[in-house]
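Accompanying notes for the structure given below.
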Amino acid sequence: MANSKRRCKHCREYHPAPAGIKTPGGWFCSVAHAADFAQGKVRTERARDHARMHRQRKMDVKPIGYWMKRAQAAFNAYIRERDAVEPCISCGRHHDGQYHAGHFRTTGAAPELRFEEANCHKQCAPCNNHLSGNLVAYRVSLIDKIGLAWVEWLEGPQEPKRYRKEDYQAIEAEYKNKLKLLQQHQGGQQ
């Protein structure tokens, strides 16, 4: 007999084939092993569900600052990619150093403009960090880029915004999607 013994899916040992039980889940040496195996699958699925719920609970209790940072990171990545071929908005240089998404009106001075694309442009690290944004040169270049009317609008009073967790999540998703589309579009042009 070619198949006189079979391997039990639960205990992993070989047993005489006629003595076992075949189920849709596999071959087992006994009904008890089939039941134990099924219970193990249930426990594994429960453990996965528990882990999923635990991860969700951890995300639910994250502070609002966590979500703001994620949204800001997605927004900044989009701005850097959008302006990738342009020089620094302030000094007009191209160099191999690090570039930031520099806000014309800072997020501290005008938090309502934090996610305003017209307020944020590619800026080199020296201008952004060491020259506090190099705002005089930034303003001149910004007028050339977007026009005086937009710059005056940015400098004017704005409606305050109060973001919730859901708002930050939506902003993060929006800018991740915009970045992806921009990268696909730029990849297709090359």
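A few notes on this one:
- Unmet criterion (only one of (1) assigned to a loop (DSSP other than H, G, I, E, B); (2) surrounded by 15 or more Cβ atoms within 10 Å (Cβ to Cβ); (3) of a type outside the set (Gly, Ala, Ser)) for HIS94: (2)
- Residue in region 100-115 that is within 18 Å of ILE79 (Cα to Cα), in contact with a Cys (Cβ under 6 Å, 6 or more places away or on another chain) and among the small types (Gly, Ala, Ser) present: yes
- Flag for PRO87 being touching a Lys or Arg at 6+ places or on another chain (Cβ under 8 Å), assigned by TED's automatic domain parsing to the domain that holds ASP144 and either among the polar types (S, T, N, Q) or not in a strand (DSSP E or B) (or both): yes
- One residue from LYS161, LYS122 being within 28 Å of TRP67 (Cα to Cα), at pLDDT 95 or above and either of a type in the set (Lys, Arg) or outside any helix (DSSP H, G or I) (or both): LYS122
- The set of residues from region 164-176 being assigned to a helix (DSSP H, G or I) and of a type outside the set (Phe, Trp, Tyr) comprises LYS165, GLU166, ASP167, GLN169, ALA170, ILE171, GLU172, ALA173, GLU174, LYS176.
- Residues located in region 136-158, provided they are in a loop (DSSP other than H, G, I, E, B) and touching a helix residue (DSSP H, G or I) at 6+ places or on another chain (Cβ under 6 Å): GLN158
- Residue list for region 130-168, filter: of a type outside the set (Gly, Ala, Ser), surrounded by 15 or more Cβ atoms within 10 Å (Cβ to Cβ) and under 19 Å from ALA73 (Cα atoms): TYR163, LYS165, ASP167, TYR168
The values are calculated or read from the model by the stated rules, or taken from the named source; none is laboratory data. Values in this document were obtained by computation on a predicted structure and should not be read as measured data. Reconstructed Cβ throughout: ideal geometry from the backbone, glycine too, with neighbour counts over all protein chains shown.
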